[in-house]
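What follows is a single structure, written as structure tokens, with notes after it.
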Amino acid sequence: MPTDLNDVLDGPSVLSAAEGYKAMEDDRDWVDDYDDSEEGEDGDDFVDAFLEEEMNLAAEPADAFANDPYNVRMIKEISERISIEVMHPLRDGKPLLVLDVDQTIVDARALKRGELLPQQCARPGLVEFLKQVYAYYDICVWSQRHWNRLVTKLFELEVLEASADDWAISFALDKHAMFQARATEDGRQTKHLVKALQIIWNHFPQYGPHNTIHIDDLRRNFAMNPRQGLHITPFKNAGTPEAAEDRELERVGQYLVHIAQTCDDFRKLSHKHWRRARREARNQT
Ligand SMILES: [Mg+2]
């Protein structure tokens, strides 16, 4: 694990991928991947069940994204252009957890305002979650943020630290591994940024759709790999009593452990039903 922030900031050559990608050159705001339309509530099992039904109404991203020649070409180009620094050794036989940062594990708006300590902006249960899932998964963080900002934030949250021997981030990707994917849906052109898992799979062939899961608060990030996406509610309003009661990471952690223990091929799963699967697994124990 890196022990010094400056070492890490100087480290990865992923920054070089910026060259030639005009669509990615615009430096984005700290919270620009926050989308209020994805807002949900946290609460008891009743609310949990309601959320699941509501989220299941959302349309599955079409194959139009996965099959678009432009998108396929961009994945190939980015895969060839970037390098990914392995910060902590990948372990044989472990599936891969791809974890979003902003509004998934931290309230980025609160962090930006600077009124709270960085740790107070972390989603409740973050450290416990990382410890819990690291026993079963190698962990990659993928943020729409610039690498320097991403790593700085991870240090502030104490997610990256030399003393943490019970979890580790194996590698990180930033906005330079994202691109504006295109698709034609219902005769209409649409495009938005995506996190295409194939870029990771091209670099690390031990991972694929059978052993990768991607957790994010923005569904559109899953467009190239909808089957691997697990959508959770965005975390916001850090510092308030309501935010302190957020249990989303605890629940997702239980689900991740459950599927790692019981499923040898994640292609058999539909993460759209993760809330129900978690409840059923918990009731059986
Ligand atoms: Mg996010």
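Within segment 85-106, the set of residues being assigned to a loop (DSSP other than H, G, I, E, B), buried (at least 20 other Cβ atoms within 10 Å of the Cβ) and hydrophobic (A, V, I, L, M, F, W, C) comprises V101, I105. When R91 is tested against the conditions (1) under 23 Å from N225 (Cβ atoms); (2) modelled with pLDDT of 90 or more; (3) under 17 Å from the mean Cα position of the chain (by Cα), the lone failure is (3). Does D217 fit the bill of being within 16 Å of the ligand (Cβ to nearest atom), among the acidic types (D, E), modelled with pLDDT under 95 and under 15 Å from L99 (Cα atoms)? When the stated conditions are applied, D217 does not pass them. Checked against the criterion of being of a type outside the set (A, V, I, L, M, F, W, C) and farther than 30 Å from N67 by Cα, the candidates R188, R149 yield just one match: R149.
Of everything listed in (1) within 17 Å of the chain's Cα centre (by Cα); (2) surrounded by fewer than 17 Cβ atoms within 10 Å (Cβ to Cβ); (3) modelled with pLDDT under 90, the single unmet condition for A162 is (1).
Residue-wise test of (1) of a type outside the set (A, V, I, L, M, F, W, C); (2) farther than 30 Å from Q119 by Cα; (3) without any contact (Cβ under 8 Å) to a residue 60 or more places away in the chain.
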position: T240; (1), (2), (3): yes, no, yes
position: D264; (1), (2), (3): yes, yes, yes
position: R267; (1), (2), (3): yes, yes, yes
position: R276; (1), (2), (3): yes, yes, no
position: N283; (1), (2), (3): yes, yes, yes
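Do you know which of the residues in segment 174-192 that are within 14 Å of the chain's Cα centre (by Cα) and modelled with pLDDT of 95 or more is farthest from R81 (Cα to Cα)? The selected residue is M178.
Looking across segment 228-251 at every residue that is out of contact with any helix residue (DSSP H, G or I) (no Cβ under 7 Å at 6 or more places or on another chain), within 16 Å of the ligand (Cβ to nearest atom) and charged (D, E, K, R), the one that is nearest to L99 (Cα to Cα) is identified as E248. For first residues located in segment 207-221 and touching a residue at least 12 places away in the same chain (Cβ under 8 Å), partners that are more than 16 Å from the ligand (Cβ to nearest atom) and in a loop (DSSP other than H, G, I, E, B) and lie 6+ apart or on another chain with Cβ distances below 6 Å form the pairs H210/D265; N211/P95.
Out of segment 79-120, which residues are within 16 Å of the ligand (Cβ to nearest atom) and closer than 14 Å to C140 by Cβ?
First, pick out the residues of segment 79-120 that are within 16 Å of the ligand (Cβ to nearest atom): 97-112.
Within segment 79-120, L97, V98, L99, D100, V101, T104, I105 qualify.
The values are calculated or read from the model by the stated rules, or taken from the named source; none is laboratory data. If you're wondering where the values come from, they're calculated on a predicted model, not measured in any experiment. Every residue, glycine among them, receives a Cβ derived from its backbone with ideal geometry; neighbour counts consider all protein chains shown.
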